[in-house]
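What follows draws every value from the coordinates through simple rules; no lab data is involved. The model shown is predicted, which means the values in this text are computed figures rather than measured ones. Cβ atoms come from the backbone with ideal geometry, glycine included; neighbour counts cover every protein chain shown.
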Amino acid sequence: MEKYNHKKIEKKWQEKWEKEEPYKAEDFSNPPAGGEKSYLLVEFPYPSGDGLHVGHPRPYIGMDVIARKRRAEGKNVLFPIGWDAFGLPTENFALKTGKHPKDVTRDNTDNFRRQIQMLGISFDWSREINTTQPEYYKWTQWIFLQMFKKGLAYKASVAINWCLSCKIGLANEEVVDGHCERCGGETEKRQKEQWMLAITKYADRLDKDLDDVNYLEPIKIQQRNWIGKSEGAELDFAIAPQGRTSFVASSSPRNDLFPQSIKVFTTRADTIFGATYMVLAPEHALVQELKTQITNFDEVEKYIEDAKKKTEIERTAEGKEKTGVELKGVKVVNPANNEEVPVFIADYVMAEYGTGAIMAVPAYDERDREFAEKFSLPIVESELVDVDEVIKKVKGEKVIKYKLRDWVFSRQRYWGEPIPIIHCGECGPVAVPESDLPVELPEVEDYKPTDDGESPLVKAESWVNVKCPSCNGDAKRETDVMPNWAGSSWYYLRYTDPANNEAFADAKNLKYWTPVDWYNGGMEHTTLHLLYSRFWHKFLYDIKVVPTHEPYQKRTSHGLILAEGGEKMSKSKGNIVNPDEVVENFGADSLRLYEMFMGPFDQAISWSTDNMVGVRRFIEKVWRLQEKVDVEKGLSSGNEVDGDETLGSILHSTIKKVSDDIEAMKFNTAISILMILVNEMEKKEEVSKENYKILLVLLAPFAPHVAEELWEKVGNDSSVLDQVWPKYDESKIVKDTVSIAIQVDGKVRASIEISVGEAEEKVKEKALSEEDVKKWTEGKKVEKVMYIKGRIISIVTN
RNA sequence: GCCGGGAUGGUGGAAUUGGUAGACACGCAAGACUUAAAAUUUUGUGGGCGCAAGCCCGUGUGGGUUCGAUUCCCACUCCCGGCACCA
């Protein structure tokens with residue numbers, strides 16, 4: 001027998017797979033044996049310069065096991081891969097080295113592709129996509145334009161994160177604890193014109209439609225929390241008349257312009273009798289409108305300025321210490337009891353949420369209480385009243401608010417999809433005609449943003465200056481690019497028809513393949529990526545270009561693989577385990593088996609190279625088993641379970657457990673029962689060819705290379721990939737006799753062998769006559785004897 | 001603070017969802033093979049007492065429900081992840 005040589009075997013089969021493309025998914029194909037389509041998706045990676053570490057492939061391997069099993073079950077499996085390649089790290093690398101981001105991306109994807117292929121993942125490489133290719137981002141831009149046309153993409157002045165030392169705008173995710181992710185400097189909020197996408201218009205559906213999909217419960221919970229639906233009421237508090245006597249006295253027309261009331265949002269309208277003051281956000285527009293009435297406006301203005309200037313760090317450092325200023329000269333009337341109450345501005349009220357104003361009820365709200373105590377305001381234990389009655393009485397309105405904010409879609413960067421808009425002095429922002437798509441990224445000399453934080457694209461003058469598509473006058477291109485979430489918001493649609501030039505995908509392909517049947521990805525993408533792509537998908541559904549209202553039927557998450565010490569793997573910590581080395585030393589099959597065996601798929605777990613020898617030994621055991629197989633003997637085709645009764649029960653329960661566990665992502669226990677089966681086979685003088693073949697089919701999803709090699713060795717012409725997934729016989733799993741435990745007063749004292757069908761009375765009788773049982777029941781009265789069929793007998797004495 | 005997830009031998013973990021806790025694997029110990037080592041292999045391996053049969057304890061802590069609890073309920077401790085003044 002030749003020794004198991006992982007290098008030789010893995011190279012041989014990978015070359016074969018590359019040539020023969022057995023994993024290619026066929027559009028509209030109707031595979032045999034209950035074959036339906038099965039679209040399995042993993043999050044496509046960002047090809048960083050560091051290459052893969054052993055944590056990356058965990059989800060690929062897990063989904064690969066499922067893909068391989070489902071193919072064997074006769075399903076038409078689509079299991080694609082691509083590259084989410086726009087983004088900052090590539091741009092930063094280009095900035096540092098002067099190498100074009102396009103070239104950086106190409107080198108990195110080449111390396112990633114090599115590493116993934118080395119693991120024998122059964123991706124359909126014929127559908128590989130890359131978000132940075134113009135043929136791809138043409139359609140990212142096209143979708144943006146449809147949103148623009150429907151008014152869902154708009155420009156607004158919003159507060160962005162500004163790095164004080166880099167002097168550039170940062171995305172939220174680039175700010176860590178108030179510090180710039182790149183330079184570690186402090187950040188503050190700045191107002192800037194940005195493209196926004198109106199995701200909040202979809203907030204209710206994004207929340208409600210979670211009922212229709214099969215996501216793991218924690219994923220749904222996290223999405224719901226992020227959307228932050230809350231039901232409450234908007235109530236008007238009239239501005240007290242004495243504050244505006246001058247206006248009332250005069251018959252000035254300006255009186256009509258003067259605000260009459262302030263609207264608050266509350267979820268506790270029932271506490272309105274305890275509302276002893278009101279608070280507005282410092283940015284609230286009414287503060288400026290009431291300027292003439294506010295007697296201490298200097299003080300107020302100073303507070304507003306200070307609030308604006310505060311950096312994130314300062315705000316965090318101050319903790320929950322409340323600050324604020326009263327708007328002297330302004331009072332409002334509590335509509336429930338007609339009492340006048342004072343008005344404050346304070347930064348604990350957010351301008352963007354609700355109405356930017358609250359009625360403060362210090363008796364029931366901790367934050368209001370804290371503020372009231374600091375400013376010596378009355379705290380009134382009020383009577384609670386019926387919410388509906390209050391709303392009716394004060395002429396309020398029931399409303400639903402969401403924490404979800406519109407999506408800031410602009411980045412003042414280079415390496416992203418150009419936003420396909422042209423700004424014209426006459427016509428305003430105009431969509432680039434669809435026939436002119438894609439708007440390709442121009443060449444620039446320097447990828448650095450300008451000093452005032454504009455995109456490096458402003459320096460590409462010949463690209464920027466164009467004619468207005470509408471009036472043909474002089475106009476300028478939008479120089480902001482899209483965030484890296486854009487390309488990943490719809491990529492799963494492109495896989496269904498990746499080379500289409502007429503549409504992002506043909507309607508027939510979409511109808512056949514979508515929705516994605518199973519999407520696995522990291523928990524860290526649950527709030528942003530998952531929500532963004534659900535939003536885009538719903539929009540595409542509304543404009544009738546996709547057939548389903550949700551993109552993903554099922555969503556699961558994998559746990560991170562941590563370094564041996566339990567810390568996250570990172571280049572800076574120098575604790576990265578490189579899969580190249582692991583594959584070199586142990587082989588891809590061992591790496592695959594180990595990652596599936598090391599622990600529950602959805603939990604974080606520390607890497608341990610020491611523990612890898614276990615699965616390697618297992619593979620070698622399977623390898624050596626070939627010696628126990630008589631190749632000449634037995635059937636040469638099919639994989640019927642044979643009549644070897646000594647293996648019968650374990651064989652059938654292995655088929656059942658492996659089948660069930662793979663679908664439940666309990667890969668670790670699937671492998672453990674395969675190990676038990678192999679240990680049993682090892683004890684035998686001879687293993688039948690049929691049973692060995694079953695073992696190989698069950699093993700193939702986990703360790704495809706060695707399974708193929710052994711399949712060939714035991715004398716089968718066809719590939720293990722062409723085999724039908726074995727079926728188990730429930731009746732063969734059940735054993736004739738079973739050992740059951742006998743408890744006396746809650747403690748196990750003996751166990752007896754009984755035949756499965758044995759009558760209850762007989763079993764009880766048998767149990768009570770056991771010597772080890774008598775010992776414990778002697779001299780006591782047996783009160784009760786319970787028999788839980790096939791499991792346990794419980795005897796209770798007094 | 002809020003929302004998730006978790007805690008089981010020396011280690012990673014398993015437990016038919018209320019029914020013999022510790023499957024499978026790593027490590028360790030002793031033996032076999034070998035001139036020797038590696039590889040392989042056999043046996044043992046939760047803790048305590050005992051020559052042994054066996055007994056007692058044991059799933060983060062404290063209580064509860066039950067014939068029976070790792071599993072259900074109540075209170076708490078610690079660890080990991082996310083959000084964070086959202087009215």
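Each of A:786, A:119, A:734 was placed along the dipole of chain A (beta-carbon charges, centred on the mean Cα), and the one lying farthest toward the positive end is A:786.
Distance from the Cα centroid of the range A:1-30 to that of the range A:107-178 is 32 Å (rounded to whole angstrom).
In summary, the range A:501-549 shows an alpha-carbon radius of gyration equal to 1.26 times the 2.2 N^0.38 Å reference for compact globular proteins. The separation of the range A:468-483 from the range A:759-798, counted between C-alpha centres, amounts to 87 Å.
Take the convex hull of the alpha carbons in the range A:713-798; its mean projected area over all directions comes to 8.8 nm².
The lysines within cross-link reach of residue A:764, meaning a Cα-to-Cα straight distance under 28 Å and a gap of 8 or more places when in the same chain, are A:732, A:735, A:747, A:774, A:775, A:780, A:781, A:784, A:789. Distance between the pseudo-spin-label points of residue A:797 and residue A:337 (7 Å out from Cα toward the beta carbon): 7.1 nm. When each of A:616, A:224, A:68 is scored by the number of other beta-carbon atoms lying within 10 Å, the sequence from fewest to most is A:224, A:616, A:68. With 10 Å bins beginning at zero, the pair-distance distribution over Cα atoms of the range A:106-177 amounts to 14, 23, 29, 26, 8 %.
Using the Cβ-Cβ distance between residue A:778 and residue A:649 with R0 = 41 Å, the FRET efficiency computed as 1/(1 + (r/R0)^6) comes to roughly 0.60.
Kirkwood-based Rg over Rh for chain A (C-alpha set), two decimals? Before the final figure, lay out each step's value.
Working: Rg = 33.9 Å, Rh = 31.6 Å.
Taking Rg over the Kirkwood Rh, I get 1.07.
Applying D = kT/(6 pi eta Rh) to the range A:277-399, where Rh is the Kirkwood radius over alpha-carbon pairs, T corresponds to 37 °C and eta to 0.692 mPa s, the Stokes-Einstein value obtained is 210 µm²/s. Counting other Cβ atoms within 10 Å as a rough exposure proxy, the listed residues A:17, A:415, A:195 run A:17, A:195, A:415 from fewest neighbours to most. When the pairs A:7/A:684; A:401/A:568; A:192/A:309 are compared against a 25 Å limit on Cα-Cα distance, A:7/A:684; A:401/A:568 fall above it. Working note: Cα atoms of the range A:651-727, range along each principal axis, descending, whole Å: 33, 29, 21.
Could you tell me how many cubic angstrom of Cα convex hull volume the range A:582-634 has per residue?
Output value, Cα hull per residue: 103 Å³.
Annotation: lysines with alpha-carbon distance below 16 angstrom to residue A:331 (same-chain offsets under eight excluded): A:263, A:291. Ordered by the number of other Cβ atoms lying within 10 Å of each residue's own Cβ, fewest first, A:572, A:261 fall into the sequence A:572, A:261. Here the translational diffusion coefficient of the range A:142-231 follows from Stokes-Einstein with Rh set to the Kirkwood radius across Cα pairs; for 4 °C and 1.567 mPa s it amounts to 82 µm²/s.
Across all C-alpha atoms in the range A:260-316, the radius of gyration and Dmax reach 14.3, 38 Å.
With 0.36 nm allotted per residue and the present C-alpha distance subtracted, the residue A:528-residue A:554 stretch has 7.7 nm of extension available.
Taking each of A:3/A:24; A:69/A:554; A:16/A:554; A:621/A:713; A:138/A:554 in turn, the alpha-carbon distance tops 22 angstrom for A:3/A:24; A:16/A:554; A:138/A:554. Pairs of Cα atoms in the range A:399-542 fall into 5 Å distance bins, from 0 up to the last occupied one, in shares of 2, 8, 13, 17, 16, 16, 14, 9, 5, 1, 0 percent. For the range A:748-759, 3J(HN,Hα) computed residue by residue from phi via the Karplus equation (6.51, -1.76, 1.60; θ = phi - 60°) reads 6, 10, 7, 9, 10, 8, 10, 7, 4, x, 3, 5 Hz, glycine and proline entered as x.
In whole Å, what three semi-axes, largest first, describe the equivalent ellipsoid of the range A:25-116 built from its Cα gyration tensor (square root of 5 times each eigenvalue)?
Working: eigenvalues 239, 35, 15 Å².
After diagonalising the Cα gyration tensor, the semi-axes are 35, 13, 9 Å.
Centroid-to-centroid, using Cα positions, the range A:349-365 and the range A:512-558 are 35 Å apart.
Ratio of the range A:737-785's C-alpha Rg to 2.2 N^0.38 Å, to two decimals?
Values: Rg = 10.7 Å, N = 49, 2.2 N^0.38 = 9.7 Å.
Scaled against compact globular proteins, the figure is 1.11.
Treating each Cα of the range A:611-768 as an identical point scatterer and summing with the Debye formula, the log10 of I(q)/I(0) at q = 0.13, 0.19 Å⁻¹ comes to -0.68, -1.16. Computed over the range A:454-609, the P(r) curve from all C-alpha pair distances, binned at 10 Å from the origin, holds 9, 23, 22, 26, 14, 5, 1 percent per bin.
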